[in-house]
Amino acid sequence: MTEQKPLNKRTARDRYTHLPPVVRLEGISKSFGRVRANHDITLDIRPGMIKALLGENGAGKSTLMSILSGRFPQDSGTIYIDGAPVRFTSPADALTAGIGMVYQHFMLVESMTVAENVMLGQRGGFLLSPRRMEETVARLAEKYGLEISPSAPVSGLSMGEKQRVEILKLLYRDSRVLIFDEPTAVLTPSETEQLFEALWRMADQGKSIVFISHKLQEVLSVADEIAILRRGEIVDEFHESDVPNQKVLANRMVGRDVVLSVDAPPVAVCEKVLEIEGLGGDGLDDIRLALCRGEIVAVAGVAGNGQKELVEVVCGLRRPAAGRVEILGRPWNAFYPHPPRRGRSLAYIPEDRQGLATCKYLDLVDNFLLTTRHAFSRRGLLDRAQAEDVTRRIVQEYNVQPGHVDAPARALSGGNLQKLVIGREFFREPAIIVAENPTQGLDISATEEVWNRLLEARSGAGILLITSELNEALQLADRIAVMYRGRFVDVFPRTDEKKVEAIGLMMAGVQPE
Amino acid sequence: MYAELVIPVLAATIQAGTPILFATLGEMFTERAGVLNLGVEGMMILGAFFGFLFTHWTGNPWIGVLMAGTAAGMLGLLHGLVCQVFLGSQVVSGLALTILGVGLADYLGTPYVGVITEGFTPFAVPVLSSIPLAGDIFFRHDALVYLSYVMPLLFWFFICRTRAGMALRSAGENPAASAAVGLNPVRLRWMAIFAGGFLVGVGGAYLSLAYTHLWTNNMTAGRGWIAVALVIFAFWRPGRAVLGAYLFGGVMVFQLRLQAMGATLPSSLLLMLPYALTVVVLLVSSLRGGGGNAPAALGVNIEPDE
Amino acid sequence: MMGYRVVKRQEPLNWGSFFIFLVALVLSLSLSGAMLAVQGKPFLKGLYLLWDGGFGQLYALEDTLLKTIPIFLCALGVAVCFRMQIWNIGAEGQFALGAVGATWAVLTFPAAPAWVLIPLMLVCGAVAGGLWALVPALLRLRLGMNEIITTLMFNYIGILLLQYMVYGPWKDPASFGFPMTPMFPVAAVFAPVVGRIHWGIVLCAVVAVALWFFLYRTRLGFELLAGGENPRAARYARMPYNFLVVFVLVLCGALAGWAGVLETSTTLGRLQSNVMAGYGFTAIVVAWLARLRIPTIAVFSFLLAGLRVGVENLQLELQVPAAFGGIIEGLILLTVLAGQFFVWFTLQPRSKGED
């Protein structure tokens, strides 16, 4: 494994290593319903230091920082600024106290210029002079080495530049603590370099930087301190003198729990249900995959690395820009827009079960009919009574609670809704199943039920499982493909222990040797 | 001789376009803050009536104009109440407002149909009206027309060169970002609704106090709706609104002249021109990607946070 | 606001709709009553006359039923459009075109017998109204043109077209210059079924049943209901969304057209300008109140028709201007919109210590 010695280009760090913390989070806990997002977290943020918060999806990093930046309050615990306890009721409060957050989804007015966005909401005279605003912003940008054109409309900026505008907003308001939520998720490698340079410069001028990430390489390059979160708790903290190597970090970050053990014989003869060759465009990079009937291939990776685009292509919602996609032996153009309805069909179980897979105000029968309607129509007429019977049967079979089929889908919990969706899609006896994060937001028992269903369906179909939960991939898959920045870093059988060990690294984009 | 024919037509065009210009700028102001108010027709005609009424009572047309704007603005506030407080659909609320406003004006105005009142009389601007050609076209009108010359500039200045204008724009483009920097987009929208409505009311008042000096039913004849379309045509910028308003003014004048000249084309067909033109105008806007220039949060209510 | 916080409900209120309408009605009538007082008319007597005129006697009930017919037809069409979130406010213009279409049929085949003429009128009315709605539909699909303004402009153009025909080519030479067509022959008039109620009511019933059957027994109807509810899910489930957009608009055009046919044939017996009575706008109010529940549409159509007849009574007895009806309708819609807030949201008192 190639280990690069990270280049930390900070010049003035020593000035800050012994100063007391600006912000102290003590005993912070936060739950959403039954989900414990943060549990008894204690953390210090020191001036002039860059601290990385590392952890998988759902580990609780964003929640913690949302609390710190004033978006919502903690359930228990205290925040201290300069030693004094504070309570934030809104992000504006936090901003006044000097804490600002640069979100993943920028809060910019697209049609306004950079300068206007930076100065928006600031007190001042009645009149505005664009020229003077731009000069002020130019000076500020120069001070921190941020390359940006103040007169440019935000709509025309690249992601990296938009991020710089968000940073400038905070700097203009004299923020002392700047929190970045997955800042490099939307940046190109060179923009990432530029961001790091800016972060170092800001830290050298005494700002505190908190950097949420799951990308090991970058964290090691830029951070002075690292805190690792897992399942809502801090499991490790490293300071600048004792940061370990990537492998250790990866293992600590991912952890592993075994819930089910699966006995699955590998496929003897491959009957290809899905074949992808050289798929590119829309952020995808030379994807190659063959899916056989009787196997589960898990596409593992952090969300936002091209999975959505891949799913849309396979499910016919997006035309493949380049390359070859064959579904059940037929090219994409021939399979869509009139795919076979039952038997040799493709079933798509989307991640967004409430907004996409179902209509929340319609009842269970209508939701069942959503994708199975052709099976119950003859010559244009719909036999709803028959559909109702079938729905009742499926509801019972899949243990969907509550069991009355005329309840609106809204009344169902996430797990039960998912079971309904699965029951519906399996009814169509599909030859391919595309399941996107099927157990997201579900509790343990619902998760197990869903996993069991998927395993059952395996015998008759090929399943493409898109997941950002490493554990899920490891439980269900016959083969695992790790996706990063639109391409498959590797595709390997689950039995390959060595590669499985390196999954964490692969998800962070590190090529295995 | 040529000038003798053209100049009066152009001057009449200015007059015909003025109420539309006021109404368009008013609705544009409201929409820039993100609120779609389809009740322009109702607000305009209510403004026309109240302008007439108060002028009739006080003898002072400026009071009439003030009350016209206020009445229309208050009707707009009703729309604001339904949409901002009760989160009702902006589209349907605007339609209801039109039904209500038109009915209200018609109802209250019944005793006054055909009654004549004081109003604005044209006067020549001292130096400017002596300019050959231009002087006769632009500077021999009444006070409201001169006011309408200044309005687009004021509009532009406020929206683009003041802090308050920038805040207003942010409420219409991205209320979340606006709130994130400490502004209050809901309050900004309230102010835009009233101010925009006020202008629309002034446009209506022009019809009963300057264009004519009386009150009848259906004074606005769909001008309010034309204004709504013109906001789209103008890409939400005041400059093109001027162009559009005078374009429609011209068409209306053209149609009147044709009728007066005893043209064989029946009046009904000629009357279709402004509405057909509106569709054409929208067509052109759509072909040029018109909708993309709208304030990003137009028509979207600001829901309370969890 | 004040000591309360607005919280979105877990589930929208189900029984809210009729209750909200009642509250809205009371509120609107009170405010309108205030309007009466402004003009010096007696408030309570006015409200009584409103009721009596619409529902008080058999004759009034007949009048109300007669007005229910066009409102019902238009409201069905508009409600179908609204279900797909197509804001079609062109029912007025489509109504006008329907009237024009039927008149064309009558004037072209004046000697035809009833069993030919009536169906022909219906066909021509539906085609004319449907085409009138088709244009905005295509403009929306192909060019993304907002249907609100286009259908509205088509209202004005359609009504002017009607006026043109009536003032011009179709003017009755024997009418002393008044703009109206010649009287329709008896064969072109829908005969009464019960009392003064004509066959149009049977047509309404047939259309209602057919629409119900279409929505709940056919696949396309299901796609309309489900797809309109959630266009994203419609795309996921591969529904024919574009086709449905055109379909609902043309259907509304045809139904509004039929309303126009019936009104021309029965109420007036000829085509003249005042066939336009604003039923298209009242239909919007009904459609918003009732959504796409057919019996509810019937009920609200009946109520609002009664309101109109009542206002006519007010006109007669107290010389209240006809525009009063518009005030009531506008207020009803606004109050219902405001009331629907409570279907989705509830107010929770803020707890102490929370900011």
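The values are calculated or read from the model by the stated rules, or taken from the named source; none is laboratory data. Predicted, not measured: the structure shown is a model, and the values here were computed from it. Cβ atoms come from the backbone with ideal geometry, glycine included; neighbour counts cover every protein chain shown.
Residue-wise test of (1) farther than 30 Å from A:Arg123 by Cβ; (2) surrounded by 15 or more Cβ atoms within 10 Å (Cβ to Cβ); (3) in contact (Cβ under 8 Å) with a residue 24 or more places away in the chain; (4) among the hydrophobic types (A, V, I, L, M, F, W, C).
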{"site": "B:Val102", "(1), (2), (3), (4)": "yes, yes, yes, yes"}
{"site": "B:Val113", "(1), (2), (3), (4)": "yes, no, yes, yes"}
{"site": "B:Ser130", "(1), (2), (3), (4)": "yes, no, no, no"}
{"site": "B:Leu133", "(1), (2), (3), (4)": "yes, no, yes, yes"}
{"site": "B:Asp136", "(1), (2), (3), (4)": "yes, yes, yes, no"}
{"site": "B:Phe139", "(1), (2), (3), (4)": "yes, yes, no, yes"}
{"site": "B:Tyr146", "(1), (2), (3), (4)": "yes, yes, no, no"}
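B:Gly119 fulfils the conditions (1) surrounded by fewer than 19 Cβ atoms within 10 Å (Cβ to Cβ); (2) in a loop (DSSP other than H, G, I, E, B); (3) not hydroxyl-bearing (Ser, Thr, Tyr) except for a single criterion, (1). In summary, C:Asn88 fulfils each of the numbered conditions (1) surrounded by fewer than 24 Cβ atoms within 10 Å (Cβ to Cβ); (2) within 14 Å of chain B (Cβ to nearest Cβ) with the single exception of condition (1).
Selection over segment C:43-83 of residues that are free of Cβ contacts under 8 Å to residues at least 40 places away in the same chain and buried (at least 24 other Cβ atoms within 10 Å of the Cβ) gives a count of 0.
Taken over segment C:147-185, the criterion of being free of Cβ contacts under 8 Å to residues at least 12 places away in the same chain and more than 25 Å from C:Met121 (Cα to Cα) is satisfied by C:Ile149, C:Met153, C:Phe176, C:Gly177. Can you find a residue in segment C:259-273 that is of a type in the set (A, V, I, L, M), under 27 Å from C:Trp199 (Cβ atoms) and at pLDDT below 90? Among the residues of segment C:259-273, at least one is of a type in the set (A, V, I, L, M), under 27 Å from C:Trp199 (Cβ atoms) and at pLDDT below 90, which makes the answer yes.
For segment C:160-175, which positions are more than 9 Å from chain B (Cβ to nearest Cβ) and either in contact with a helix residue (DSSP H, G or I) (Cβ under 7 Å, 6 or more places away or on another chain) or part of a helix (DSSP H, G or I) (or both)? Answer for segment C:160-175, where residues must be more than 9 Å from chain B (Cβ to nearest Cβ) and either in contact with a helix residue (DSSP H, G or I) (Cβ under 7 Å, 6 or more places away or on another chain) or part of a helix (DSSP H, G or I) (or both): just C:Trp170.
Return yes or no: is A:Leu369 buried (at least 19 other Cβ atoms within 10 Å of the Cβ), free of Cβ contacts under 8 Å to residues at least 40 places away in the same chain and closer than 24 Å to A:Glu456 by Cα?
On the way: buried (at least 19 other Cβ atoms within 10 Å of the Cβ): yes; free of Cβ contacts under 8 Å to residues at least 40 places away in the same chain: yes; closer than 24 Å to A:Glu456 by Cα: yes.
Yes, satisfied.
Could you say whether any residue in segment C:122-137 is within 16 Å of B:Leu282 (Cα to Cα) and without any contact (Cβ under 8 Å) to a residue 60 or more places away in the chain? Taking every residue of segment C:122-137 in turn, at least one turns out to be within 16 Å of B:Leu282 (Cα to Cα) and without any contact (Cβ under 8 Å) to a residue 60 or more places away in the chain.
For the structure I just gave you, tell me whether B:Gly26 is buried (at least 24 other Cβ atoms within 10 Å of the Cβ), assigned to a loop (DSSP other than H, G, I, E, B) and either within 13 Å of another protein chain (Cβ to nearest Cβ) or at pLDDT 95 or above (or both).
Working: buried (at least 24 other Cβ atoms within 10 Å of the Cβ): yes; assigned to a loop (DSSP other than H, G, I, E, B): no; either within 13 Å of another protein chain (Cβ to nearest Cβ) or at pLDDT 95 or above (or both): yes.
No: the conditions fail for B:Gly26.
Summed over segment C:141-153, the residues that are at the interface with chain B (Cβ under 8 Å from one of its Cβ atoms) and out of contact with any Phe, Trp or Tyr (no Cβ under 6 Å at 6 or more places or on another chain) give a count of 6. When the criteria are applied in full, B:Thr110 fails the requirement of being of a type in the set (Ser, Thr, Tyr), under 19 Å from the mean Cα position of the chain (by Cα) and at the interface with chain C (Cβ under 8 Å from one of its Cβ atoms).
Between A:Leu346, A:Leu364, A:Leu369, which is over 26 Å from the mean Cα position of the chain (by Cα) and more than 10 Å from every other protein chain (Cβ to nearest Cβ)? Before the answer, list the steps.
Details: A:Leu346 fails: over 26 Å from the mean Cα position of the chain (by Cα); A:Leu369 fails: more than 10 Å from every other protein chain (Cβ to nearest Cβ).
That would be A:Leu364, the only listed residue that is over 26 Å from the mean Cα position of the chain (by Cα) and more than 10 Å from every other protein chain (Cβ to nearest Cβ).
Whenever a residue of segment C:314-327 is crowded, with 19+ Cβ neighbours inside 10 Å, its partners that are part of a helix (DSSP H, G or I) and basic (Lys, Arg), lying with C-beta atoms within less than 6 angstrom and at least six residues away or across chains, give the pairs C:Gly325/C:Arg308. Flag: B:Leu95 does not match the condition of being closer than 27 Å to B:His56 by Cα, out of contact with any Phe, Trp or Tyr (no Cβ under 7 Å at 6 or more places or on another chain) and within 11 Å of chain C (Cβ to nearest Cβ).
Of all residues in segment A:98-116, those that are closer than 25 Å to A:Gly304 by Cβ and facing another protein chain (nearest Cβ under 8 Å) total 4.
Return the residues of segment A:204-229 that are surrounded by fewer than 23 Cβ atoms within 10 Å (Cβ to Cβ), at pLDDT 85 or above and in a helix (DSSP H, G or I); say none if nothing qualifies. Within segment A:204-229, just A:Asp204 meets the criteria. The numbered conditions (1) within 14 Å of another protein chain (Cβ to nearest Cβ); (2) over 23 Å from B:Val186 (Cα atoms); (3) of a type in the set (Gly, Ala, Ser); (4) surrounded by fewer than 18 Cβ atoms within 10 Å (Cβ to Cβ) are all true for B:Ala164 except (2).
Of all the criteria given as (1) surrounded by 17 or more Cβ atoms within 10 Å (Cβ to Cβ); (2) more than 8 Å from every other protein chain (Cβ to nearest Cβ); (3) among the β-branched types (Val, Ile, Thr), the one not satisfied by B:Val181 is (2).
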